[in-house]
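Below you'll find the structure, written out as structure tokens, and then a few comments.
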Amino acid sequence: MIVKIILKLFITAAALIAIANYVPGISVSGWYPAIIAAIILAVVNVTLKPILLILTLPLTILTLGLFSFVVNAALFWFVSSFVQGFSVAGFLPALIGAFIMSVVSWLTHHLF
């Protein structure tokens, strides 16, 4: 179980580095900030995301679930304010980065 968690952590960190290489406006200065950002993203997604999704449920229902992408982007951008060496320049890069991270997270969840 610990090996799976560490493997998912490193996959998430590698995805952050790949996203920083391909999405303009997102930068990661190395593996250490990527791993720290992956840990904080995991903690934020477990603690804050369910609360925000419940609070924004009427808007999410009104937009047929698309507002959840906005919540993901806001949390992705929020994490970049805590980790030195990981930065997101604006909302659009955060939206693209959060979408790619969601796909990577979904794939790792189904593979491991």
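Tabulated data for the structure shown
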quantity: Filtered residue count, the stretch 1-34, keeping only those that are outside any helix (DSSP H, G or I), in contact with a helix residue (DSSP H, G or I) (Cβ under 7 Å, 6 or more places away or on another chain) and among the polar types (S, T, N, Q); calculated: 1
quantity: Condition broken by Thr56, with the remaining ones in (1) touching a helix residue (DSSP H, G or I) at 6+ places or on another chain (Cβ under 9 Å); (2) without any contact (Cβ under 8 Å) to a residue 60 or more places away in the chain; (3) surrounded by fewer than 12 Cβ atoms within 10 Å (Cβ to Cβ) satisfied; calculated: (3)
quantity: Enumeration of residues in the stretch 91-101 that are over 13 Å from Leu16 (Cβ atoms) and touching a Phe, Trp or Tyr at 6+ places or on another chain (Cβ under 8 Å); calculated: Phe91, Leu95, Phe99
quantity: Selection status of Val70, more than 18 Å from Ala18 (Cβ to Cβ) and not acidic (Asp, Glu); calculated: yes
quantity: From the options Val44, Val71, Val83, residue that is in contact with a Phe, Trp or Tyr (Cβ under 9 Å, 6 or more places away or on another chain) and either in a helix (DSSP H, G or I) or crowded, with 16+ Cβ neighbours inside 10 Å (or both); calculated: Val44
quantity: Checklist (1) touching a Leu at 6+ places or on another chain (Cβ under 8 Å); (2) small (Gly, Ala, Ser); (3) within 19 Å of Ala15 (Cα to Cα) applied to Ser68, failing item; calculated: (3)
quantity: Meets criteria (touching a helix residue (DSSP H, G or I) at 6+ places or on another chain (Cβ under 8 Å), within 17 Å of Val83 (Cα to Cα), free of Cβ contacts under 8 Å to residues at least 60 places away in the same chain and in a helix (DSSP H, G or I)) for Ala37; calculated: yes
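Just so you know, all these numbers are worked out from the coordinates, no wet-lab data involved. Here the structure is a predicted model, which is why all the values come from computation and not from measurement. Here the Cβ is made from the backbone with ideal geometry for all residues, glycine too, and neighbour counts use every protein chain on show.
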